[in-house]
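Here is the structure we will look at.
Coordinate-derived values only; no laboratory data. Remember, predicted model here, so these are calculated numbers, not experimental data. Note that we place each Cβ from the backbone using ideal geometry, even for glycine, and neighbour counts take in every protein chain shown.
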Ligand code: NDP
């Protein structure tokens, strides 16, 4: 069995932490050959010293001295956005795992594909913004896109290479911290309330997205591209326990689900070792302690993110990139206490309403729409 040589982009984040744990857990199957982060030089140095990755990249050049002062060996050091693309093309790598929050992972993802490397994708922004460009480039180059997001990894496991027999994809959502909060109270929730996710421990952006349900909306579009199914066949169900990570209903009416504890090490390991399953130290489910698994329909009217995402995915073109960019600006403004919680989706809706979507956009058109949406969202926030 081959040891996979992995470049990890976003090494200092929450997915980065889990990926490093997986690499430590299955060293005979996974080797870290490259690490990249934005500005957390100290944490990048700790990861580098531990893995002895031969190449590392720090995007923020101003922190380079901190990085150099903490390194205990002499890796190849790359810098800036150009360095991020360079490390994604590393000759010695088989796979690039993209776990960068936001849109900065898009260029390196395309570079990795062009140099024939498989992609393991945690950063949902990449497929939401540029699903058509990324999946067609991967097809052309004959490289695999392996989903790391737990829901898509679950679907990937259930599909097991039989996408044509799918009737529905059912994404599970925990419902976030406000699953039972009355609509009239959502205007008063605080940043601290929104950051308390009931079942997952993740970075701040995705945690807020889980509270608004934009995370699930982004995942609907991600599923549409990853599994080549129409948006009308992608559905969402609220499952507060986060044990069933998603389900596939097949043509014969049978439904397959994937279950495990909510720990990102499970999907990360499977993305790396696919199609093999290998032993690890992760705890398997103890059914004697799982008293119930519940499922509810989402509250579409109180959490409009799902309908906005369905509209963006169905319209396609540049609209998903616009929704994603406006949401990023609105989430940052909420975290800075400039917006109240419902103003996140109100801002996104206003920006989407003003956008003239461009069909089958190339990368330039996608990036132009992303920039326009950010400016427009900042204008809405500033009002
Ligand atoms: P975090 O905020 O915890 O970490 C973000 C990582 O991205 C950090 O390593 C950060 O570096 C790096 N980064 C940020 N901006 C840039 C940039 N411009 N260039 C290079 N690196 C950059 O995020 P998460 O780990 O939670 O999420 C990462 C991605 O994975 C997101 O797209 C998220 O939606 C997705 N995801 C996350 C899950 C989770 O459980 N956390 C689950 C499923 C998907 P630095 O620390 O130096 O700033």
Range of Cα positions in region 1-148 per principal axis (Å), largest first: 42, 36, 25
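Run the numbers for residue 185 and residue 167: contour at 0.36 nm per residue of separation, minus the present Cα-Cα distance, in nm.
Numbers: separation 18, 0.36 × 18 = 6.48 nm, distance 3.72 nm.
Gain on extension, residue 185 to residue 167, equals 2.8 nm.
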Distance in nm between pseudo-label sites at residue 91 and residue 49 (7 Å out along the Cβ direction from Cα): 3.0 nm
Difference of contour (0.36 nm per residue) and Cα-Cα distance, residue 278 to residue 24: 90.1 nm
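What is the Cα radius of gyration of region 227-326 over 2.2 N^0.38 Å, N being its residue count?
Working: Rg = 16.9 Å, N = 100, 2.2 N^0.38 = 12.7 Å.
Rg over 2.2 N^0.38 Å, computed on Cα atoms: 1.33.
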Inter-probe distance in nm under a simple model that places probes 7 Å from Cα toward Cβ, at residue 70 and residue 136: 4.2 nm
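List the equivalent ellipsoid semi-axes of region 73-163 in whole Å, largest first, each obtained as the square root of 5λ for an eigenvalue λ of the Cα gyration tensor.
Working: eigenvalues 110, 38, 35 Å².
Semi-axes from the Cα gyration tensor: 23, 14, 13 Å.
Using the C-alpha atoms of region 282-351, what convex hull volume per residue, in cubic angstrom, is computed? Walk me through the numbers before you get to the answer.
On the way: hull volume 12.7 nm³, N = 70.
Value for region 282-351: 182 Å³ per residue.
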Gyration tensor (alpha-carbon) shape descriptor, region 51-111, a/c threshold 1.5: oblate
Whole-Å distance, taken between Cα centres, linking region 54-121 and region 183-250: 28 Å
57, 158, 85 arranged by Cβ crowding within 10 Å, fewest neighbours leading: 85, 158, 57
FRET efficiency estimate (nearest 0.05) - Cβ-Cβ, residue 294 to residue 60, R0 51 angstrom: 0.70
More than 17 Å apart - percent of Cα-Cα pairs taken over region 208-266: 49 percent
Relative contact order (%) - criterion: Cα under 8 Å, at least six apart; region: region 169-292: 29 percent
Efficiency of FRET between residue 375 and residue 338 - r from beta-carbon atoms, R0 22 angstrom, step 0.05: 0.90
Cα-based Kirkwood hydrodynamic radius, the chain, one decimal, Å: 21.1 Å
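Taking square-rooted eigenvalues a ≥ b ≥ c of the alpha carbon gyration tensor, is region 98-250 rounded, prolate or oblate, where a/c under 1.5 means rounded and, failing that, a/b exceeding b/c means prolate?
Verdict is oblate for region 98-250.
Please state the relative contact order of the chain as a whole percent: Cα pairs under 8 Å, 6+ residues apart? Could the numbers behind the result be given before it?
Values: 721 pairs, mean separation 56.3, N = 383.
Here the relative contact order equals 15 percent.
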P(r) weight above 12 Å for region 140-179, C-alpha pairs, percent: 69 percent
